[in-house]
Amino acid sequence: MSAKAKLWLAGILLAAGGVITARMLPRYFGTPEMQILFYFGGILLAFAGLVVMAFGARKRS
Amino acid sequence: MNIQVLDIFQGAATLFAAEPKIAVARIVLIALGFLLTYLGCKKILEPILMIPMGLGMLAVNAGVLFLSAAKTGTIFIDPLISDPSELVNIMQVDFLQPIYTLTFSNGLIACLIFMGIGAITDMGFLLARPFASMVLAIFAELGTIAVLPLAVAFGFDLKEAAAIAIVGGADAPMVLYTSLILAKHLFVPITIVAYLYLSLTYAGYPYLIKMLVPEEMRGVKMDTGSMPEISPGEKFAFAVITCTVLSFLFPVAAPLFVSFFLGVAVKEAGIKRYVEFLEGPVLYGSTFFLGLLLGVLLQAETILDPRVLPILVLGMMALLLSGIGGLLGGMLMYALNKGKFNPVIGIAGVSCVPTTAKVAQKSVYEVNKWAVILPYAMGANVSGVITSAIITGIYVTVIPVLKF
């Protein structure tokens, strides 16, 4: 697998992980602090995934 | 035959029938309408918005008539009407009411403009320098974040404060959308303030750049030759995945995301007919009617609302802070790149596409005619749109569920 494809895949997985962390995990934690932590943590993770994808796009194959 | 001259010329007669402050406000708004139209015509302010807005403003304030013996009004629009049967009646009288009801108050016009912006946006600039673009865009959200607590300190509740703070994102459709969701009762003054100020960025940001960035830094040349080429397929894939991820994260803002990325996707897929449709009739048609509707909504009663003055102050602070934040981000990138990054690009992180990118290039050109920064500035600009959309998504999703 090329470095470009690896970056794309890693970015998509990170972004998907971010979506799950932000939208699903807070349901399983009762305290508002934990919910906020997971929500914003998930958004950051998803954002990081998009950045990694962007690096994949600029990488020459 | 007894003819009352003032009954024939009701636009003037209603001036004398109204309270003095309303009459004065109408005259001031008519004068402001003339001024905006003139400044738009002279290209000092954004003409595509200012000419319909200025004309709408002066016509609605001049064209007040007696609707009954005791009631005055216009036959342009009634923004406060909500009863369905009254609405159907008024749609047959007020000529702009159908456009307002069916496109404005549900946010459709913001989405149509976003489709057009998507169709003229090249994601390649963002993908070529993702780190720098995103850092600048985050710094350029300073006003959006800092004005939220300030607006609360001014006495607005959290939802109203968030709707005002979004002005700092400098993305007018986003302001319209957020105020419709979070503070519908304030969306007329907030949106008008936002659009007025967004035109002022065109005139005001060059001075901010000159004040904050020393001349030798403004002239730094960027290496445009080494920018990587991104294929349309990759830009398309990035747009589709980003749209999916953001819609999952912020479902309330999903209409905005799908509108923007649909424009991008259509462009990258090479569907020329759709691109021509979105970047021409849809974008300019929506902007034209938006400008006209905003002008028509700017009636004397609106500016006499005591909340307008703090919104004016906060809106200006939001845009000023975002501009300063963007330039600070530019300075940071200048330091990180050991002087090989033009800090003026930071102002393009403020997501007023493509105005701030053009302002950045123009400011640099004045100092160094050989410095081309537009591709980098467009990258920061596109990233600014996405970052503003993300902050809008966070505000409209999180703030309604916060309980204190």
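Quick note: the coordinates plus some simple rules give every number you see, no bench work behind them. None of the values given here were measured: they were computed from a predicted structure. Positions of Cβ are backbone-derived with ideal geometry, glycine not excepted, and every protein chain shown enters the neighbour counts.
Before moving on, here are some points about what is shown:
- Per-residue [θ]222 nm for chain A (sum of -39500 (n - 2.57) over DSSP H runs n ≥ 4, rounded to 500): -28000 deg cm²/dmol
- Number of partner chain Cβ atoms within 10 Å, mean per residue of B:181-192: 0
- Simple spin-label estimate for B:Ala31 and B:Glu216 in nanometres, 7 Å along Cα-Cβ: 4.8
- Helices assigned as whole DSSP H runs in chain B whose Cα atoms extend at least 30 Å along their own long axis and whose mean Kyte-Doolittle hydropathy is 0.5 or higher are found at B:20-41, B:187-212, B:308-336, B:374-398.
- Residues whose placed amide H lies under 5 Å from that of B:Thr72, excluding near-sequence neighbours: B:Leu67
- Of A:Phe47, B:Phe238, the sequence from fewest to most neighbouring Cβ atoms within 10 angstrom is A:Phe47, B:Phe238.
- Debye intensity ratio I(q)/I(0), log10, the stretch B:93-210, q values 0.12, 0.17, 0.20, 0.22 Å⁻¹ (C-alpha model): -0.54, -1.00, -1.23, -1.32
- Applying 0.36 nm per residue to the separation of B:Ala335 and B:Tyr284 and subtracting their alpha-carbon distance, the gain on full extension is 14.4 nm.
- Environment charge of B:Leu29, counting only residues whose C-beta is closer than 14 Å and scoring Lys/Arg +1, Asp/Glu -1: 0
- Think of it as helices only: each DSSP H run of n ≥ 4 in chain B is worth -39500 (n - 2.57), and spread over all residues that comes to -21500 deg cm²/dmol at 222 nm.
- Radius of gyration and maximum dimension Dmax of the stretch B:273-404, Cα, Å: 18.6, 55
- Charge context of B:Thr287, other residues only, Cβ under 13 angstrom, K/R +1, D/E -1: -2
- Using the Cβ-Cβ distance between A:Ala10 and B:Lys369 with R0 set to 45 Å, the FRET efficiency from 1/(1 + (r/R0)^6) comes to roughly 0.60.
- The stretch B:351-404 and the stretch B:20-74 have their alpha-carbon centroids 31 Å apart.
- Peptide packing: for B:268-276, B:161-169, B:249-257, B:109-117, the average count of neighbouring Cβ atoms within 10 Å per residue gives the ranking B:161-169, B:109-117, B:249-257, B:268-276, highest mean first.
- Base-10 log of normalised Debye intensity for chain B (one unit scatterer per alpha-carbon) at q = 0.06, 0.07, 0.14 Å⁻¹: -0.25, -0.34, -1.24
- Environment charge of B:Ile386, counting only residues whose C-beta is closer than 15 Å and scoring Lys/Arg +1, Asp/Glu -1: -1
- Cα-based shape type of the stretch B:1-74, given that a ≥ b ≥ c are square roots of the gyration tensor eigenvalues and the cut on a/c is 1.5: prolate
- Relative exposure of B:Leu374, B:Leu176, judged by other C-beta atoms within 10 Å (fewest first): B:Leu374, B:Leu176
- Two-decimal log10 I(q)/I(0) for the protein assembly as shown, as the Debye equation yields it once each C-alpha is a single scatterer, q = 0.06, 0.10, 0.12 Å⁻¹: -0.28, -0.75, -1.05
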